[in-house]
Amino acid sequence: MKDLALEALGAATAPGVSYADVRVQELRERSVATKNGKVGHVSSSVSLGIGIRVLAHGCWGFAATDDLSREGLARAAAQALEIARAGTLAHERDVVLAPEEKYEAVWVSPCAADPFATSVDQNLDLLLAVDRELRRNQGVSLAEASLTFERRRQVFASTLGSLIDQTRTVTGAGFSALSYRDGEIQKRSYPNSFGGQYQLKGYELVEELRMLEHAPRIAEEAVALHSADQCPEGEFDLILDSSQLGLQIHESIGHPIELDRVLGSEANYAGMSFLTLDQLYRLQYGAEIVNVVCDARLEHGPGLGTFAFDDEGVPAQRTDIIRGGRFTGYMTSRETAPLIGQTRSNGTMRADGWARAPLIRMTNVSLLPGEQSLEEVFGGTDHAIYMETNRSWSIDDKRYQFQFGCEIGWEIRNGRRTRMLKNPSYSGISTEFWNACAAIAGPEHWTLWGTPNCGKGQPEQVMGTGHGASPARFRRIRVGSAYGG
Amino acid sequence: MDTNHCEEIFELAARHARAQGVPDVEALIGWHTSALTRFANNAIHQNVAERTGWLSLRVLWEGRTARAGTNRLDGESIRRAVEEAIALARVQEPDADLPPLAEPAALTPVERHFADTAAVTPQERARAVADAIAEVRAAGQTAAGIYSTSDSLTAVLNSRGVDARHAETMAQFSVTAMARDSSGWAKATACHHRGLDPVALARTAAGKAAASAAPLELPPGRYTAILEPAAVLDLAGQMFGDFSATAIRDGRSFLAERIGRKVFGENIRILDDVYHALQAGAPFDSEGVPRRKLSLVENGVVREVAYSRQAARLAGVSPTGHGFPVPNEYGEAPMNPVIEGGSTSLEEMIRSTARGILVTRVWYVREVDPSEKILTGMTRDGTFLIEDGRIARGVRNFRFNVSLLEMLSSVEALSPAVRSSGEEAFDMVAPAMKVSAFPFAAVTRF
């Protein structure tokens with residue numbers, strides 16, 4: 001792969017090219033799923049290719065190919081240059097890159113148990129055991145469980161002289177129980193929706209999740225939801241579990257801080273951001289107890305946004321996004337950082353594979369743990385609604401107004417769960433919501449969740465992002481409006 | 001890759017499988033090139049191209065099946081894919097419900113490949129983009145958007161003799177025009193790039209941005225809504241996964257107890273028709289079964305749903321040619337919806353409305369409730385107040401929570417159906433709709 005990268009880089013270094021980088025990537029995947037006592041699917045795949053990015057005449061050109069012959073690499077490099085030249089036909093200003101050092105590195109993400117070394121029958125045995133446990137409850141009409149393993153090795157080379165070889169292993173696991181009764185569909189998922197939990201780990205993640213132990217509770221809750229009361233509509237104190245809070249961070253903090261979005265690059269598709277440049281260091285984004293970082297370093301945890309270098313060769317960093325409630329930072333790239341007077345990218349450029357050009361993407365955007373105990377989070381109010389596990393999510397294209405639905409809710413009175421509530425939902429305006437944050441549980445309740453399905457860019461790229469959070473409480477939030485008619 | 005190459009790849013895979021005692025092999029083989037010129041702030045800022053081929057191979061014997069894929073199409077990589085698929089299948093318990101491979105069936109070809117669209121150059125795309133930017137800039141606004149072209153070949157071959165191949169080109173142009181406090185959007189897709197008019201799309205987007213300047217904040221509530229075709233398809237498109245025999249069997253579909261019942265208004269008729277002149281896509285499914293035209297909804301009554309071969313076998317009916325690659329948990333879905341239109345133009349809908357909201361497009365549409373098919377989402381890039389039969393001014397964008405059962409039972413008028421494209425569902429043929437008492441739940445800040 002190193003030889004391919006250097007060959008392609010050589011081909012891309014043509015007259016008129018002021019900068020070039022290449023990424024050779026091999027992706028190996030395995031996916032195993034069960035459904036109602038049977039194999040749902042078993043599949044594996046391998047994909048190998050190269051993406052070549054050149055900066056010429058002040059414009060970007062990118063071409064990707066799976067033809068890795070010398071001729072194929074030369075054709076792709078020439079195509080990237082031709083595309084860059086075409087960009088001059090609609091050109092406003094030359095791209096200027098923030099300086100960066102040259103790096104030579106080999107990095108392999110920690111993986112205690114190689115998931116690809118596990119046998120498929122071992123995988124199926126576990127999933128079918130979970131499936132049996134779920135369907136032991138007669139009210140469960142559809143039981144589904146899945147495991148996914150992914151290993152990406154990428155060699156990055158650039159005309160700065162960088163040569164970076166990274167291998168990342170990601171594991172995902174989870175299950176769900178769906179209950180259909182009298183035309184009503186209710187569902188519970190473990191440990192999260194979207195297929196469960198995903199982390200930069202090996203098979204040890206599957207073992208840590210202890211899925212079999214949780215199956216009876218999940219089945220019971222899915223069935224019980226049919227008899228639960230509808231979540232009331234009105235303003236309530238709201239407590240969110242850490243997985244739902246992770247998605248709340250993703251949508252109402254993670255996307256708005258993407259500097260390319262702020263500057264208009266996504267205006268036609270993903271949208272823009274309410275975090276205009278005049279808000280930096282001025283906006284009171286949240287309450288004083290709200291501290292958010294964007295952190296791709298391994299020290300932050302095994303997140304889907306953890307790596308050693310981003311896809312333009314910038315080392316992983318931690319950036320304060322919200323400090324003491326104040327908005328303090330964007331996610332940047334080598335191209336966008338100078339546009340706001342910053343001297344260096346904070347390393348968030350990522351591509352979803354060899355075939356796509358890197359964009360600013362969330363790494364691990366996390367709410368730092370608070371100082372309260374879980375008892376204080378739940379008991380610090382007489383009456384609240386507690387919600388767990390995302391069911392629906394939607395936010396406007398500038399990231400102000402959101403609405404989320406969850407799989408299950410509970411009414412909390414004096415710190416104790418009372419009645420179960422079905423179809424819970426809440427809505428609000430991003431900054432009002434974060435300013436209403438009243439309590440955040442401590443580090444012992446903090447989980448780094450993986451969101452595997454974040455879409456952005458044209459052509460669309462689907463990226464895995466990380467979001468750490470502890471359960472937290474928010475004052476006087478609009479609840480139940482999704483069913484308000 | 002040409003079609004002969006597909007045959008070589010399949011023969012090689014089948015030979016390796018036979019050598020290991022597995023006679024039944026199915027191959028999805030594809031090749032794809034695409035290029036996309038992206039612009040924002042009145043300039044091209046991302047400009048990309050990609051090409052790849054792939055083989056997705058399935059083996060099947062004694063009720064066991066598994067799939068292995070690779071984009072490496074040399075002999076050694078194909079051999080490894082065959083061995084991997086066999087290894088994945090070998091450990092499974094036999095499934096008596098798994099059908100054998102499909103048998104060959106006559107296909108009705110559709111002509112959707114145009115050599116000159118496949119040959120569009122970066123310079124041609126850039127010139128079209130520059131013209132569109134000039135149109136928006138002339139209105140004192142800022143343009144963002146894309147122009148893409150692609151060329152693809154898809155083939156399904158199996159050891160029973162299925163040999164289904166489809167080549168298609170696709171061009172796509174979308175543009176957002178941004179003014180100081182408003183925006184407008186337009187988009188079109190076509191198999192031939194001459195079917196797109198980038199300057200006309202830019203003019204439409206700029207016109208919407210100008211007309212929606214200084215948006216008024218209206219209170220949320222129920223309003224008559226006129227939904228342009230892109231908004232209709234991005235809402236209605238959320239329900240076609242429910243027109244699936246497997247989803248109904250699993251209790252995942254809102255139609256589970258509604259087949260044969262009138263669930264929408266009398267004026268709602270929906271087909272799935274890959275052969276429609278305004279549609280795109282291959283006339284066969286992932287097992288090579290010819291797609292059948294389905295009458296999904298007739299005068300508000302749900303009539304037909306899609307059946308993969310496995311779902312059809314379980315139900316004792318014929319497959320409809322809508323199956324996903326086997327093995328999978330979701331079965332099948334209609335992929336080429338045609339929502340039949342009416343005779344009321346968009347202008348007539350506006351003229352006949354005393355007070356209502358005109359919606360250009362919707363955004364971030366998600367399912368709130370699977371049983372009643374309640375969807376939430378936002379309006380975007382051109383939302384207008386209609387008063388006394390004319391567009392009065394722009395309004396701030398709304399969040400809605402609407403049940404499709406209610407929405408499609410409240411359609412007062414339909415425009416002629418056109419090929420439409422949004423961002424929340426796949427392209428389809430759809431009309432504009434005038435909907436009474438559409439529930440807008442909240443309003444945002446812009």
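Annotations for the structure displayed:
- Proximal lysines to A:K2, defined as alpha-carbon separation beneath 24 angstrom and excluding residues fewer than eight positions away on the same chain: A:K102
- Averaging the sequence gap over all C-alpha pairs within less than 8 Å and six or more residues apart, then dividing by the number of residues, gives chain B a relative contact order of 15 percent.
- Per-peptide packing, taken as the mean over residues of other Cβ atoms within 10 Å, places A:367-373, A:411-417 in the sequence A:367-373, A:411-417 from highest down.
- Cα gyration tensor, chain A - rounded (a/c under 1.5), prolate or oblate: oblate
- Accessible area buried between chains B and A, both sides summed, probe 1.4 Å, in Å² to nearest 100: 6700 Å²
- Counting protein heavy atoms only, chain A has 47 percent of its accessible area on carbon and sulfur, 1.4 angstrom probe.
- The mean number of Cβ atoms from other chains found within 10 Å of a Cβ in peptide A:408-416 is 0, as a whole number.
- Helix B:122-138 axis, angle to chain B major axis (alpha carbon atoms, nearest 10°): 20 degrees
- Extension gain, B:A138 back to B:R355 (0.36 nm per residue minus Cα-Cα distance, nm): 74.9 nm
- Helix runs (DSSP H) in chain A reaching 24 Å along axis by Cα, Kyte-Doolittle at least -0.5: A:70-87
- Charge sum, other residues only, whose C-beta stays under 15 Å from B:A413's C-beta, Lys/Arg counted +1 and Asp/Glu -1: -3
- Out-of-range pairs (alpha-carbon distance over 29 Å; input B:K373/B:K434; A:K201/B:K373; A:K187/A:K398; A:K398/B:K208): A:K201/B:K373; A:K187/A:K398
- Our summary of shape: the Cα atoms of the protein assembly as shown have principal axis extents of 70, 65, 63 Å, ordered from largest down, in whole angstrom.
- Once the Cα-Cα distance is subtracted from the 0.36 nm per residue extended length, the A:E71 to A:E371 segment shows a gain of 102.0 nm.
- Residues A:Q284 and A:D229, FRET efficiency given R0 of 30 Å [Cβ-Cβ distance, rounded to 0.05]: 0.25
- Rounded, prolate or oblate (a/c below 1.5 giving rounded, otherwise prolate when a/b exceeds b/c) for segment A:2-227 by Cα gyration tensor: prolate
- Per-residue average of Cβ from other chains inside 10 Å of B:125-134: 3
- Over all other residues within a Cβ to Cβ distance under 11 Å of B:A306, the charged ones net out to -3, with Lys and Arg as +1 and Asp and Glu as -1.
- Estimated FRET transfer efficiency (B:F426, B:R18; beta-carbon r; R0 45 Å; 0.05): 0.75
- Accessible surface of chain B [probe 1.4 Å, protein heavy atoms]: carbon and sulfur percent: 49 percent
- Sequence-distant contacts, meaning Cα pairs under 8 Å at least 6 residues apart, place the relative contact order of segment A:71-210 at 25 percent.
- Integer Hz, Karplus 6.51/-1.76/1.60 couplings in order for segment B:147-164, x for Gly and Pro: 9, 10, 9, 9, 9, 9, 10, 10, 9, 10, 10, 9, 6, 8, x, 4, 8, 10
- Distance between the modelled labels on A:Q342 and A:R217, one decimal in nanometres: 3.9 nm (7 Å Cα→Cβ projection).
- Simple Cβ-charge dipole of segment A:21-148, Lys/Arg +1 and Asp/Glu -1, about Cα centre, in debye nearest 20: 420 debye
- Overall form of segment B:3-195 per C-alpha gyration tensor (a/c, 1.5; a/b vs b/c): prolate
- Multiplying the residue separation of B:V199 and B:Q123 by 0.36 nm and removing their Cα-Cα distance gives an extension gain of 25.7 nm.
- Simple label model, 7 Å out from Cα along Cβ direction - B:A115 to B:A315, nm: 4.3 nm
- Karplus 3J(HN,Hα) series, Hz, for segment A:422-433 with 6.51 cos²θ - 1.76 cosθ + 1.60 (x for Gly, Pro): 9, 6, x, 8, 8, 8, x, 10, 3, 5, 5, 4
- Inter-site label distance for A:L298 and B:L216 at 7 Å from Cα along Cβ, in nm: 6.1 nm
- If R0 equals 25 Å, the separation of the Cβ atoms of B:S295 and A:E184 corresponds to a calculated FRET efficiency of about 0.35.
- Average beta carbon contacts from partner chains per residue of B:49-60, 10 Å cutoff: 5
- Residue-wise HN-Hα coupling along segment A:32-49, computed from phi with Karplus coefficients 6.51, -1.76, 1.60 (Hz; x: Gly, Pro): 10, 9, 10, 8, 6, x, 10, 5, x, 7, 9, 8, 9, 7, 9, 9, 9, x
- For segment A:2-227, the per residue solvent-accessible surface stands at 38 Å², with DNA, RNA and ligands left out and a 1.4 Å probe.
The values are calculated or read from the model by the stated rules, or taken from the named source; none is laboratory data. None of these values were measured; they are calculated from a predicted model. Glycine gets a Cβ as well: all are built from the backbone with ideal geometry, and neighbour counts include every protein chain shown. Just so you know, the surface numbers come from the protein's heavy atoms only, side chains and all, with ligands and any DNA or RNA stripped out. Shrake-Rupley method; radii C 1.70, N 1.55, O 1.52, S 1.80 Å.
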